[in-house]
Amino acid sequence: MTVISPGFRGRPRTSGHRLPPGQYETRDFPVLSAGPTPRVAREDWEFTVTTETGDRYRWTWGDLLSLPAERFTVDLHCVTRWSKFGTSWEGVSLDVLLGTVQSASDYALVSAYGGYTTNLPLADLLNGQAWIAHRYEGADLPAEHGGPARLLVPHLYLWKSAKWVRGIELTARSEPGFWESVGYHDYGDPWREQRYQGD
Amino acid sequence: MTTDAGAPSYQDGNALAGPLSELFTVDLTTALTRCTGCGAAGPLAGLRVYAHAPGLVGRCPGCGQVVLRLVRGPRAAWLDLRGTVALRIPLGS
Ligand SMILES: [Zn+2]
């Protein structure tokens, strides 16, 4: 179902981008979803971080936009085997959001509007590796791609980059999320092809 | 795999027939399920199945709760039925 454009005049297919094992390049942006697309109004949107002691940090949409934003271009790798090169985003680094949070936890359970969850080590959300992204290719992020805002952790398979992100719970132990509890890998490194449990 | 604007992003539960037939000898799409969320009962074929995803997700048409999840890996399948109280599976006498 991938749309091929024979006359496409963009950059050559392999211009410096690398494909992880078992992946193919796509140029459209497939929409994957485990449920109906939540429609979250910006005035109702909030993002929270909850620590192991129950402390809760909260940001409104206005709070998010008042924080320093970064523009970044990354490759995306979906566990359903497509990769998309050179996607451009704007968002707030998790280093900024988590910088004020006091926690001794090593793991994060990310939750989204609509009920989706995914888990990853807290360290993978830090050091310039993860963002709350709210603009894609120069425009507001469309709802089907996770708008108003989604998590983006591009060094892991895309199911970790929760669309419609709503909050992060910091936990002492790794707690499996939506796909991790039905066979998908706890970590999901595309370069080590960690698709399923046991990979 | 772009989604057409306005087109439903789910299929009906008959989309489960093929994947489940690999695991069970009876046709489970006619089995009656009761949603743990809202209590509504109906055949698995009545679920809303989201298939453009890393696995199949069957949701209750009444309340949207996840009733069934099925993931097929190369060496194993994972089936989660925690969203149904029980399945009534019709059998021949
Ligand atoms: Zn229900």
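A short reminder: the numbers here are calculations on the coordinates, not readings from a lab. Please read these numbers as outputs of a predicted model, since none were measured by experiment. Neighbour counts are summed over all protein chains in view; Cβ atoms, including those assigned to glycine, are modelled from backbone coordinates with ideal geometry.
List the trypsin sites (Lys or Arg not before Pro) within the range A:112-199 that DSSP assigns to loop and that have no more than 15 neighbouring Cβ atoms inside 10 Å.
Details: sites: A:Arg135, A:Arg150, A:Lys160, A:Lys163, A:Arg166, A:Arg173, A:Arg192, A:Arg195; in loops: A:Lys163, A:Arg173, A:Arg195.
Here the trypsin sites (Lys or Arg not before Pro) that fit, given the DSSP loop and packing criteria, are A:Arg173.
Taking N as the number of residues in the range A:41-192, what is its alpha-carbon radius of gyration divided by 2.2 N^0.38 Å? Please report the intermediate quantities before stating the final value.
Numbers: Rg = 14.3 Å, N = 152, 2.2 N^0.38 = 14.8 Å.
Rg over 2.2 N^0.38 Å, computed on Cα atoms: 0.97.
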Within a 10 angstrom radius of each residue's Cβ in A:176-185, how many Cβ atoms of other chains show up on average? Whole number is fine.
5
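Using helices alone, what [θ] at 222 nm do you get for chain A, with -39,500 (n - 2.57) per DSSP H run of 4 or more residues, divided over all residues and rounded to the nearest 500?
Values: 2 runs with 11 residues, N = 199.
About -1000 deg cm²/dmol.
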List the Cys residues of the protein assembly as shown that have no partner Cys with a C-beta closer than 4.7 Å.
A:Cys78
Rg over Rh [alpha-carbon atoms, Kirkwood Rh] for the protein assembly as shown:
0.98
What percent does the relative contact order of chain A come to when contacts are Cα pairs within less than 8 Å and at least six residues apart?
23 percent
Let me know the Kirkwood hydrodynamic radius for chain B, please, with Cα pairs as the basis and the value in Å to one decimal.
13.6 Å
Order these peptides, B:66-72, B:49-55, B:87-93, by their mean beta-carbon neighbour count within 10 angstrom, highest first.
B:66-72, B:49-55, B:87-93
Mean other chain Cβ within 10 Å across B:70-79 is 4
